[in-house]
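Everything below concerns the one structure shown next.
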Amino acid sequence: MTSTAAPTRAARPLARVLAQARFETAGLLRHGEQLLVSLVLPLLALLALVHVPYPDLSVGPWAGVERVDVVVPGVLALAVMSTAFTGQAILLGFERRWGVLRLLGTTPLGRGGLLLAKALSVLVVVAVQMTVLGAVGVALGWRPTPAGLAPAAVVVVLGVAAFALLAACLGGALRAEAVLALANLVWVLLAGAGGVLLPAGMLPGGLGAVVSLLPSAALGDGLRSALLDGAWDWPALCLLVLWAALAGLVARRLLRWSD
(Lines give C-alpha, C1' and ligand atoms only; values in the text may rest on other atoms or scores of the structure.)
Protein backbone atom coordinates (compact mmCIF):
# COMPACT_ATOMS: atom_id res chain seq x y z
CA MET A 1 0.00 0.00 0.00
CA THR A 2 1.49 3.31 -1.08
CA SER A 3 1.95 6.00 1.56
CA THR A 4 0.24 9.32 0.87
CA ALA A 5 2.00 11.28 3.60
CA ALA A 6 3.30 14.63 2.43
CA PRO A 7 7.08 14.95 2.29
CA THR A 8 8.67 16.82 5.18
CA ARG A 9 9.87 20.25 4.14
CA ALA A 10 13.02 21.80 5.56
CA ALA A 11 12.60 24.67 7.96
CA ARG A 12 13.22 28.18 6.72
CA PRO A 13 16.85 29.35 6.86
CA LEU A 14 16.26 31.76 9.76
CA ALA A 15 14.49 29.08 11.77
CA ARG A 16 17.36 26.65 11.17
CA VAL A 17 19.94 29.21 12.27
CA LEU A 18 17.99 30.13 15.42
CA ALA A 19 17.48 26.48 16.33
CA GLN A 20 21.18 25.77 15.96
CA ALA A 21 22.02 28.94 17.90
CA ARG A 22 19.84 27.74 20.79
CA PHE A 23 21.61 24.38 20.71
CA GLU A 24 25.06 26.00 20.63
CA THR A 25 24.15 28.38 23.47
CA ALA A 26 22.87 25.57 25.67
CA GLY A 27 26.06 23.63 25.03
CA LEU A 28 28.26 26.59 25.99
CA LEU A 29 26.32 27.26 29.18
CA ARG A 30 26.40 23.60 30.24
CA HIS A 31 30.10 23.06 29.54
CA GLY A 32 32.07 23.26 32.79
CA GLU A 33 35.41 24.23 31.24
CA GLN A 34 33.76 26.89 29.10
CA LEU A 35 32.04 28.39 32.14
CA LEU A 36 35.33 28.40 34.03
CA VAL A 37 37.11 30.37 31.32
CA SER A 38 34.21 32.61 30.33
CA LEU A 39 32.72 33.53 33.69
CA VAL A 40 34.50 32.17 36.77
CA LEU A 41 38.00 33.41 35.90
CA PRO A 42 36.85 36.94 34.92
CA LEU A 43 34.82 37.06 38.14
CA LEU A 44 37.88 36.09 40.19
CA ALA A 45 39.94 38.70 38.33
CA LEU A 46 37.30 41.33 39.14
CA LEU A 47 37.29 40.53 42.86
CA ALA A 48 41.08 40.36 43.04
CA LEU A 49 41.79 43.60 41.19
CA VAL A 50 39.18 45.53 43.15
CA HIS A 51 40.47 44.45 46.55
CA VAL A 52 44.24 44.20 45.91
CA PRO A 53 46.03 47.59 45.77
CA TYR A 54 48.39 46.48 42.99
CA PRO A 55 48.84 47.91 40.42
CA ASP A 56 48.40 51.48 41.60
CA LEU A 57 45.55 53.08 39.65
CA SER A 58 45.39 56.31 41.66
CA VAL A 59 47.89 58.14 39.44
CA GLY A 60 47.90 59.23 35.82
CA PRO A 61 44.66 59.64 33.84
CA TRP A 62 42.58 57.98 36.58
CA ALA A 63 43.62 60.13 39.51
CA GLY A 64 40.55 60.60 41.66
CA VAL A 65 38.62 57.81 39.89
CA GLU A 66 37.34 54.90 41.95
CA ARG A 67 39.41 51.77 41.42
CA VAL A 68 36.38 49.62 40.66
CA ASP A 69 35.36 52.00 37.84
CA VAL A 70 38.68 51.33 36.10
CA VAL A 71 38.76 47.59 36.78
CA VAL A 72 35.25 46.57 35.66
CA PRO A 73 35.58 47.61 31.95
CA GLY A 74 38.83 45.65 31.71
CA VAL A 75 37.23 42.57 33.22
CA LEU A 76 34.30 42.86 30.81
CA ALA A 77 36.82 42.94 27.95
CA LEU A 78 38.50 39.85 29.39
CA ALA A 79 35.15 38.04 29.47
CA VAL A 80 34.47 38.86 25.82
CA MET A 81 37.88 37.55 24.82
CA SER A 82 37.41 34.40 26.91
CA THR A 83 34.16 33.43 25.20
CA ALA A 84 34.70 34.68 21.65
CA PHE A 85 38.31 33.54 21.29
CA THR A 86 39.46 30.93 23.78
CA GLY A 87 36.20 29.03 24.12
CA GLN A 88 35.35 29.10 20.42
CA ALA A 89 38.84 28.14 19.23
CA ILE A 90 38.89 25.06 21.49
CA LEU A 91 35.34 24.12 20.53
CA LEU A 92 36.09 24.42 16.81
CA GLY A 93 39.23 22.33 17.13
CA PHE A 94 37.46 19.43 18.79
CA GLU A 95 34.31 19.67 16.66
CA ARG A 96 36.53 19.41 13.59
CA ARG A 97 38.25 16.33 15.00
CA TRP A 98 34.96 14.62 15.91
CA GLY A 99 33.50 15.30 12.45
CA VAL A 100 30.75 17.58 13.78
CA LEU A 101 31.64 20.45 11.46
CA ARG A 102 31.73 18.19 8.40
CA LEU A 103 28.37 16.66 9.31
CA LEU A 104 26.61 19.96 10.02
CA GLY A 105 28.11 21.51 6.90
CA THR A 106 26.24 18.95 4.76
CA THR A 107 22.84 19.61 6.38
CA PRO A 108 20.30 22.21 5.12
CA LEU A 109 21.82 24.53 7.73
CA GLY A 110 24.93 24.89 5.59
CA ARG A 111 28.33 26.17 6.54
CA GLY A 112 27.29 29.81 6.50
CA GLY A 113 24.29 29.08 8.70
CA LEU A 114 26.44 27.13 11.14
CA LEU A 115 28.93 29.99 11.51
CA LEU A 116 26.10 32.50 11.94
CA ALA A 117 24.51 30.31 14.61
CA LYS A 118 27.81 30.09 16.45
CA ALA A 119 28.18 33.88 16.31
CA LEU A 120 24.68 34.33 17.75
CA SER A 121 25.39 31.85 20.54
CA VAL A 122 28.56 33.75 21.47
CA LEU A 123 26.61 37.02 21.63
CA VAL A 124 24.02 35.43 23.94
CA VAL A 125 26.71 34.05 26.27
CA VAL A 126 28.51 37.42 26.25
CA ALA A 127 25.23 39.12 27.20
CA VAL A 128 24.95 36.74 30.16
CA GLN A 129 28.54 37.54 31.13
CA MET A 130 27.96 41.27 30.91
CA THR A 131 24.86 40.96 33.09
CA VAL A 132 26.50 38.86 35.80
CA LEU A 133 29.82 40.73 35.91
CA GLY A 134 28.06 44.09 35.67
CA ALA A 135 25.78 43.19 38.59
CA VAL A 136 28.77 42.13 40.71
CA GLY A 137 30.56 45.33 39.72
CA VAL A 138 27.57 47.44 40.78
CA ALA A 139 27.48 45.56 44.10
CA LEU A 140 31.15 46.48 44.56
CA GLY A 141 30.44 50.17 43.87
CA TRP A 142 30.84 50.44 40.09
CA ARG A 143 28.87 53.27 38.54
CA PRO A 144 29.19 53.28 34.73
CA THR A 145 28.53 56.44 32.75
CA PRO A 146 25.02 56.04 31.23
CA ALA A 147 26.08 57.79 28.02
CA GLY A 148 28.73 55.14 27.54
CA LEU A 149 26.38 52.17 27.31
CA ALA A 150 25.77 52.61 23.55
CA PRO A 151 29.45 52.89 22.57
CA ALA A 152 30.25 50.02 24.95
CA ALA A 153 27.72 47.80 23.18
CA VAL A 154 29.30 48.60 19.80
CA VAL A 155 32.77 47.84 21.16
CA VAL A 156 31.57 44.50 22.53
CA VAL A 157 29.98 43.47 19.21
CA LEU A 158 33.11 44.41 17.25
CA GLY A 159 35.27 42.66 19.84
CA VAL A 160 33.19 39.49 19.51
CA ALA A 161 33.53 39.64 15.72
CA ALA A 162 37.30 40.14 15.80
CA PHE A 163 38.04 37.47 18.38
CA ALA A 164 35.57 34.92 16.98
CA LEU A 165 37.21 35.21 13.56
CA LEU A 166 40.65 34.87 15.17
CA ALA A 167 39.30 31.76 16.91
CA ALA A 168 38.27 30.40 13.51
CA CYS A 169 41.83 30.91 12.27
CA LEU A 170 43.30 28.97 15.18
CA GLY A 171 40.62 26.35 15.78
CA GLY A 172 40.06 25.73 12.09
CA ALA A 173 43.67 25.07 11.16
CA LEU A 174 45.51 23.22 13.95
CA ARG A 175 45.03 19.89 15.67
CA ALA A 176 42.71 19.93 18.67
CA GLU A 177 45.51 19.40 21.23
CA ALA A 178 47.54 22.25 19.78
CA VAL A 179 44.48 24.51 19.77
CA LEU A 180 43.78 23.69 23.42
CA ALA A 181 47.33 24.59 24.47
CA LEU A 182 47.72 27.69 22.30
CA ALA A 183 44.28 29.15 23.01
CA ASN A 184 44.85 28.97 26.77
CA LEU A 185 48.40 30.32 26.44
CA VAL A 186 47.23 33.28 24.35
CA TRP A 187 44.47 33.95 26.91
CA VAL A 188 47.00 34.08 29.75
CA LEU A 189 49.41 36.34 27.81
CA LEU A 190 46.73 38.77 26.65
CA ALA A 191 45.08 38.87 30.06
CA GLY A 192 48.39 39.62 31.74
CA ALA A 193 50.02 42.00 29.27
CA GLY A 194 47.69 42.45 26.33
CA GLY A 195 46.02 45.69 27.30
CA VAL A 196 42.80 43.96 28.41
CA LEU A 197 42.64 44.35 32.17
CA LEU A 198 44.96 47.36 32.21
CA PRO A 199 45.83 49.74 29.36
CA ALA A 200 48.88 49.18 27.20
CA GLY A 201 50.20 52.59 28.27
CA MET A 202 51.03 51.17 31.68
CA LEU A 203 53.53 48.73 30.14
CA PRO A 204 57.22 49.72 30.04
CA GLY A 205 59.00 51.20 27.04
CA GLY A 206 58.15 50.24 23.50
CA LEU A 207 56.19 47.21 24.67
CA GLY A 208 53.20 49.41 25.34
CA ALA A 209 53.27 50.80 21.78
CA VAL A 210 53.31 47.28 20.32
CA VAL A 211 50.56 45.98 22.62
CA SER A 212 48.35 48.98 21.80
CA LEU A 213 48.00 47.59 18.27
CA LEU A 214 46.49 44.29 19.48
CA PRO A 215 42.74 43.66 19.37
CA SER A 216 42.83 42.94 23.10
CA ALA A 217 44.10 46.46 23.82
CA ALA A 218 41.55 47.99 21.46
CA LEU A 219 38.75 46.10 23.22
CA GLY A 220 39.93 47.13 26.68
CA ASP A 221 40.57 50.76 25.72
CA GLY A 222 37.24 51.03 23.92
CA LEU A 223 35.30 49.79 26.93
CA ARG A 224 37.22 52.01 29.36
CA SER A 225 36.61 55.08 27.21
CA ALA A 226 32.92 54.26 26.92
CA LEU A 227 32.16 53.30 30.52
CA LEU A 228 34.47 55.79 32.23
CA ASP A 229 34.05 58.84 30.00
CA GLY A 230 30.96 58.05 27.91
CA ALA A 231 33.14 58.53 24.82
CA TRP A 232 33.49 56.80 21.47
CA ASP A 233 37.09 55.61 21.11
CA TRP A 234 37.31 55.79 17.33
CA PRO A 235 40.92 54.52 17.02
CA ALA A 236 39.97 51.45 19.09
CA LEU A 237 36.82 50.86 17.03
CA CYS A 238 38.73 51.15 13.76
CA LEU A 239 41.42 48.79 15.04
CA LEU A 240 38.80 46.18 15.96
CA VAL A 241 37.22 46.48 12.49
CA LEU A 242 40.65 46.07 10.89
CA TRP A 243 41.45 42.97 12.97
CA ALA A 244 38.03 41.47 12.17
CA ALA A 245 38.54 42.06 8.44
CA LEU A 246 42.06 40.59 8.42
CA ALA A 247 41.03 37.61 10.54
CA GLY A 248 38.06 36.98 8.26
CA LEU A 249 40.31 36.85 5.19
CA VAL A 250 42.76 34.49 6.90
CA ALA A 251 39.96 32.28 8.27
CA ARG A 252 38.58 31.76 4.76
CA ARG A 253 41.91 30.22 3.80
CA LEU A 254 42.71 28.30 6.99
CA LEU A 255 39.35 27.03 8.24
CA ARG A 256 39.08 23.30 7.51
CA TRP A 257 35.84 21.45 8.12
CA SER A 258 37.51 18.13 8.94
CA ASP A 259 40.93 16.82 9.97
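The values are calculated or read from the model by the stated rules, or taken from the named source; none is laboratory data. All values derive from a computational prediction rather than experimental measurement. Quick reminder, even Gly has a Cβ in these numbers, built from the backbone with ideal geometry, and neighbours come from all protein chains shown. In case anyone asks, the SASA skips ligands and DNA or RNA and just uses the protein heavy atoms, side chains included. Shrake-Rupley method; radii C 1.70, N 1.55, O 1.52, S 1.80 Å.
Annotations for the structure displayed:
- Contact map, segment 51-66: residues that are acidic (Asp, Glu) paired with residues that are at pLDDT 65 or above and open to solvent by less than 90 Å² (accessible area, probe 1.4 Å), Cβ distance under 7 Å, separation 6+ or inter-chain. Pairs shown: Glu66/Gly141.
- Residue in segment 246-259 that is farther than 24 Å from Val138 by Cα, of a type in the set (Asp, Glu) and in contact (Cβ under 8 Å) with a residue 24 or more places away in the chain present: yes
- Count of segment 141-162 residues which are over 15 Å from Leu228 (Cβ atoms), open to solvent by less than 60 Å² (accessible area, probe 1.4 Å) and in contact with a Leu (Cβ under 8 Å, 6 or more places away or on another chain): 7
- Test for Leu207: is it surrounded by 15 or more Cβ atoms within 10 Å (Cβ to Cβ) and outside any loop (DSSP other than H, G, I, E, B): no
- Boolean, Ala247 is touching a Cys at 6+ places or on another chain (Cβ under 8 Å) and within 19 Å of Ala161 (Cα to Cα): yes
- Residue under evaluation Val50, criteria (1) open to solvent by less than 10 Å² (accessible area, probe 1.4 Å); (2) over 19 Å from the mean Cα position of the chain (by Cα); (3) among the β-branched types (Val, Ile, Thr), criterion not met: (1)
- In segment 177-198, the residues that are farther than 9 Å from Ala89 by Cβ, crowded, with 18+ Cβ neighbours inside 10 Å and touching a residue at least 40 places away in the same chain (Cβ under 8 Å): Trp187, Leu190, Ala191, Val196, Leu197, Leu198
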